[in-house]
Amino acid sequence: MPIPSELILPFAGFLVSDSSKIEPLTHGPWNFWVVVIVGVAANTTGSLFGYALGAKLGRPFLDRWGRYLLVRHHEVELAERFFARWGSPTAFISRLLPGVRTAISFVAGVSHMPIGRFTVYSTLGAIPWTITLVYAGTVLGSNWVQIRDDLRPYDTLIVLACVAAVVGS
């Protein structure tokens, strides 16, 4: 947070693929595994922030403001029961699902999933996600400019789709 990993990690992979790009802290070329480790750490930090927010604001916040977020009272009850039974696998699997990735941390906090288990499973789920996105960026690497040129005619459509996705969620 606040910038989604779906944007940052492929670009970092692009930087890994170009040995002329210099990483600002070490002044050396970007390293795939260092990017993955930093990406997983950042993902876990963001997840813990969302968890803390959910734990702090909790059920009273959702009961009062949930309807404005399109979350109904019975959905909160369903989520709490679901987390009580399937919390650990949910924390893992949700890390692999765009869109759900961010919201699930808040729900885990509201449901008071044990933070240790949440952290372990959330981090384990972040690993394959991060590796996949960084790897995709390395594969796209030298094709980055060509891909941008190929997508240029669709700029307006892409922007409208992004706006619709934000408004619809």
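Only one of (1) within 30 Å of Pro29 (Cα to Cα); (2) in a loop (DSSP other than H, G, I, E, B); (3) among the aliphatic types (A, V, I, L, M) is not met by Val139, so which one is it?
(2)
I need the full set of residues from the stretch 103-126 which are surrounded by fewer than 18 Cβ atoms within 10 Å (Cβ to Cβ) and touching a residue at least 60 places away in the same chain (Cβ under 8 Å), in order please.
Hits for the stretch 103-126 are Ile115, Thr119.
Read-outs: derived from the displayed coordinates by stated rules, not from any lab. Small disclaimer: the values here were computed from a predicted structure and weren't measured. Cβ atoms come from the backbone with ideal geometry, glycine included; neighbour counts cover every protein chain shown.
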